[in-house]
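The structure appears right after this line, and notes come after that.
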């Protein structure tokens, strides 16, 4: 019995623990009004006055009314209990935060950071994370007046592995190489990364002498020497290796990696092995090296500006598209044309990031123009580094999907020299890009190697005649013959012929007579920002509408 009373009191205490609820107040008020109405009715029936004294008399003379006086309190208790039950049910339905949730969130954040920093195939640091770590090492070295060494290595003949055995087996080889390199740098404190494709990077801080780089290169060659077993095949691996040292050869991470990459390319051209950059960084070139770091910031902070130059279908007399051309609005140096920073971007290994910025902005502008009713294409110049990146087609596909731009709207312009730098690897990427429906344009045609056997296998859509031939074609029979022959060659191969550098009307007239398809140059329109292009397009449309009306009226008068 005592236990039951205790339980009852515990229950009552629990329902009042959060204070008097609004449900209790509502129930008390309703019941109180009901008792008051009943008392007034009883007073009126017995002839008592409706005064406090009369109502009190009605209460005291009627036992039932006295019993009703307890009802408001009973209703209040019921309302309080209902409120407590409702609140408890709501709390039970609301997701409870568990201690494990915080741990899971921390684990997910850690996994996201790992994926951002790690190469998906090999598990090594990726290029972006490697450069960040190298930046930190260089900052420390600058304060401590120490040196930092960087090694870049590229597998010799790896493209043949992909060609003969397929990309899947090529990935197996890269994983094996990553494991061997990890063993080579174990306990050395060096940072190892996969930079791109079959290119790997290594950074050594607090470098005591250049001999450390030579020793590390020898160790790398030793771990790569044993044959790599691929099913029943045995592959011999070797690498060309280049080294560079801060501050002797560069003063920033991009310049240092690029210097080591240049030494590696020189070593590869000489038959492989290791080569250290021989030329020290000139004092007068220090400012230009700082431009590399500034360009990295310009890409991240959106200091770059994209200009667009019209491409005209000369036979249909309509706007075919625009070419995207990047400019740099430098905060101190002012407006920089591409000739002043594109070569620096190439030497600093920034062309991949720069190309991605240009592609993103070009597709963004094209999507905006399409919504405004302008169904025109956009052409973007591409670097050799992008063509050697097997993941580049996936980057393109993601950008096209992000801006909802059809793939056939985009044209990628590639120079002949770029195509010929590594035929097997570039052909693979170019073919994948073409299979997506993206057009391929061979830029500056006639100034490079011009190997027709390679050209006929290339999935190109157009050839672009270099301006050096177009400029003097009306004065030079040789240049005119080259232009005419290039147009005819392009048509014979099923390609559009594009001429650039048109500055005078008579040039455009002659090109139309020769059968050229697309023309581009200052005569039609200079490179311009997107807002100026909108004005240019409106003027072009108005001009052609007026001319169409004039032609129609002339025909009607006849």
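The values are calculated or read from the model by the stated rules, or taken from the named source; none is laboratory data. Just so we're clear, the structure is a prediction, and the values are computed from it rather than from any experiment. Every residue, glycine as well, gets a Cβ built from its backbone with ideal geometry; the counts of neighbours run over all protein chains shown.
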* Hits in the stretch 159-168 - residues which are in a helix (DSSP H, G or I) and free of Cβ contacts under 8 Å to residues at least 40 places away in the same chain -> 164, 168
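The rows are residues; the columns are (1) surrounded by fewer than 17 Cβ atoms within 10 Å (Cβ to Cβ); (2) touching a residue at least 24 places away in the same chain (Cβ under 8 Å); (3) within 14 Å of the chain's Cα centre (by Cα).
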{"residue": "340", "(1), (2), (3)": "yes, no, no"}
{"residue": "343", "(1), (2), (3)": "yes, no, no"}
{"residue": "358", "(1), (2), (3)": "no, yes, yes"}
{"residue": "363", "(1), (2), (3)": "no, yes, yes"}
{"residue": "371", "(1), (2), (3)": "yes, no, no"}
{"residue": "379", "(1), (2), (3)": "no, yes, no"}
* Of all residues in the stretch 218-233 being touching a strand residue (DSSP E or B) at 6+ places or on another chain (Cβ under 8 Å) and surrounded by 15 or more Cβ atoms within 10 Å (Cβ to Cβ), which is farthest from residue 154 (Cα to Cα)? -> 228
* Structure fact -> Sole miss for residue 202 among (1) touching a residue at least 40 places away in the same chain (Cβ under 8 Å); (2) part of a helix (DSSP H, G or I) is condition (2)
* Asked: Cβ-Cβ below 6 Å, separation at least six or inter-chain, first residue in the stretch 441-462 and modelled with pLDDT of 70 or more, second surrounded by fewer than 19 Cβ atoms within 10 Å (Cβ to Cβ) and not in a strand (DSSP E or B): which pairs?
  -> 459/431; 459/434
* **Options 215, 171: the member that is modelled with pLDDT of 90 or more and either outside any loop (DSSP other than H, G, I, E, B) or touching a strand residue (DSSP E or B) at 6+ places or on another chain (Cβ under 7 Å) (or both)** => 215
* Asked: Can you find even one residue in the stretch 512-528 that is within 30 Å of residue 368 (Cβ to Cβ) and modelled with pLDDT under 90?
  -> no
* Out of all the residues in the stretch 140-155, which are part of a helix (DSSP H, G or I) and under 17 Å from residue 244 (Cα atoms)? -> 141, 142
